[in-house]
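Working notes, structure below.
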Amino acid sequence: MISEKIKSQIGGEMVIRAMFEKGIKMKQEFGADNVFDFSLGNPNVPAPDAVRDSIVDIITNTAPQKVHSYMPNAGFPEVRKAVADHLNSRYGTGYTPDNIIMTAGAGSAINLVLKSILDAGDEVICLAPYFAEYKGYIQNYYADVVEVGPMDDGSFYPDCEKLAAAITPKTKAVMVDTPNNPTGVVYPEPVIKEIAAVLKAKEQEFGTVIYLISDEPYREIVYIEHEGELPWLPDYYDDTVVTYSYSKALSLPGERIGEVIVPDAADGSKELIGAITTCNLLTGTVNAPSLMQLVLARCLDEKADVGFYRKNAELLYEIVTEAGFEALKPQGAFYLWMKAPDGDDNAFTDMAAKHKILVVPGSAFAGPGYVRLSFCVAHDMIERSRQAFMDLGAEYK
């Protein structure tokens, strides 16, 4: 029998995987060209050539003991220096290798931070809608999830009045994800400043430390209304810890490579860095994959083809709105957030599946009444889905 704790944690992410697996069965039954699977955020843009070339060169010309060995739990010192130097050149920061802990992707990075700061009964605020796995991550450490809904104006920006009201002396952290999964929304600088102001005021009111955990796997995937560099959150709030993954930027989700960035300005930064580094061992990860660390050090200036996602975003938005649906125009990441016409996202998901369109109900992300469509898929599949959306829209009309 599985534990009662795990039973309570099974939720949103299982819904996403269930839709993905349903898509596999439907493709076998109806043919791959006749099923339109928008369920899973699995990048389909090839990794940059430099990644492949680096892998081949390192495997061929670097001593196996270097490529495949253990290293300090925080990662290879030269890799951490390369990451720090890269960040410093982008954001004008002064990070050293000590501020960087290499991790097995962003999921591991978040777990390491949470394990380092949480005690049973602590609270972590998630700004809804939010990535489904956050809830399970937080509950791993016997802390409580506090969900804070967005603005009521349809922007899906965080509601900072609701955020302020939700913070208590038990609040240890607030999770932020921009560009956001599932909405595709990018939080502009005024929103970031307002979040920072709320947290600073609450730290002073309660005499506590509230970490802002900025989860940034989609940082490089920004387009349409938000071209250019995004705000660097540690510039706005000292107690910010950044978790990052190269899964999307370099199209390497299966290679599990990421990092935690703990700026010196964060409260107890040296102690926190030490705890996160130790937790790399305690969680069983031990260290980030050695080969991918070495590859990463050579490819920090590379980027997957963001233009491909932009074209997909524009086409899918055109199709769903032409079919009569209401949706947010994607600003970043590779998700389109669409309103269920009758407000029942689960019923709409079932109806869409009858037209061989696979989406994920927004309830899986604490965003009921909406569905998420992942458009990191073949461009021609989106085009072929046009008639299916028209038929689905006609049925609702």
Among Leu252, Phe348, Met390, whose Cα lies farthest out toward the positive end of the dipole of the chain, if unit charges sit on the beta carbon of Lys, Arg (+1) and Asp, Glu (-1)?
Leu252
Quick one: which residues, 5 or more positions from Glu147 or on another chain, have an amide H under 5 Å from its amide H? H modelled 1.01 Å from N in the peptide plane, none for Pro or chain starts.
Cys126
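Assuming 0.36 nm per residue, please report the length gained on full extension of the stretch Ala63 to Asp391 beyond their Cα-Cα distance.
Values: separation 328, 0.36 × 328 = 118.08 nm, distance 5.87 nm.
Value of the extension gain: 112.2 nm.
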First check a/c for the range 335-375, with a ≥ b ≥ c the square roots of the eigenvalues of its C-alpha gyration tensor; if it is under 1.5, answer rounded, and if not, answer prolate when a/b is larger than b/c or oblate otherwise.
oblate
Sequence-separation-based contact order of the chain, relative, with Cα cut under 8 Å and 6+ spacing, percent:
24
In degrees rounded to 10, the 0-90 angle between helix 269-282 Cα long axis and the longest Cα principal axis of the chain is 70
What's the angle, to the nearest 10 degrees (0 to 90), between helix 12-30's Cα axis and the longest principal axis of the chain?
50
Among all lysine pairs in the range 124-246 that are eight or more places apart or on different chains, how many have alpha carbons less than 16 angstrom apart?
9
Estimated distance in nm for a label pair at Asn88 and Thr168, the labels positioned 7 Å out from Cα along Cα-to-Cβ:
4.3
Tell me what the chain gives for mean residue ellipticity at 222 nm when only DSSP H runs of n ≥ 4 count, each as -39,500 (n - 2.57), the sum divided by the residue total, rounded to 500 deg cm²/dmol.
-13000 deg cm²/dmol
Output for the range 51-137: chymotrypsin sites (Phe, Trp or Tyr not before Pro) sitting in coil per DSSP, at most 12 other Cβ within 10 Å, listed by number, reads Tyr70
Nearest-0.05 FRET efficiency for Leu282 and Ser3, computed from C-beta distance (R0 30 Å)
0.95
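How much of the DSSP bridge set in the chain is antiparallel, in percent, rounded to the nearest 5? Please list the in-between numbers first.
Numbers: 18 of 38 bridges.
The antiparallel proportion sits near 45 percent.
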What dipole magnitude, in Debye to the nearest 20, does the chain give about its Cα centre under +1 on Lys/Arg Cβ and -1 on Asp/Glu Cβ?
980
Apply the Karplus parameterisation 6.51 cos²θ - 1.76 cosθ + 1.60, with θ equal to phi minus 60°, to every residue of the range 234-244 and state each ³J(HN,Hα) to the nearest whole Hz, in sequence, with x for glycine and proline.
x, 5, 9, 8, 4, 7, 9, 10, 9, 10, 9
Once phi is turned into ³J(HN,Hα) by the Karplus curve 6.51 cos²θ - 1.76 cosθ + 1.60 with θ = phi - 60°, what whole-Hz value does each residue of the range 101-114 show in order, with x for glycine and proline?
10, 6, 9, 7, x, 6, x, 5, 4, 5, 4, 5, 5, 4
In order over the range 362-370: 3J(HN,Hα) from phi, Karplus 6.51/-1.76/1.60, θ = phi - 60°, whole Hz, x for each Gly or Pro, gives x, 4, 5, 10, 6, x, x, x, 10
Please list, ordered by chain and number, the residues whose modelled amide H lies under 5 Å from the amide H of Asp37; skip anything fewer than 5 residues away on the same chain.
Leu358
Select from Ile276, Gly154, Thr243 the residue farthest towards the positive end of the dipole of the chain; place +1 on Cβ of Lys and Arg, -1 on Cβ of Asp and Glu, and compute about the Cα centre.
Ile276
Could you pull out every residue, at least 5 positions away or on a different chain, whose amide H is within less than 5 Å of the one on Ile221? Hs are placed 1.01 Å off N in the peptide plane, and Pro or chain starts have none.
Ala333
In the chain, if the dipole is taken from +1 on Lys/Arg beta carbons and -1 on Asp/Glu beta carbons about the Cα centre, which of Val56, Gln139, Leu328 is farthest to the positive end?
Val56
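Computed from the coordinates by the stated procedures, all read-outs in this text should not be read as laboratory data. Keep in mind that this is a model prediction, so the values were computed, not measured. Note: ideal-geometry Cβ built from the backbone for every residue, glycine included; neighbour counts use all protein chains shown.
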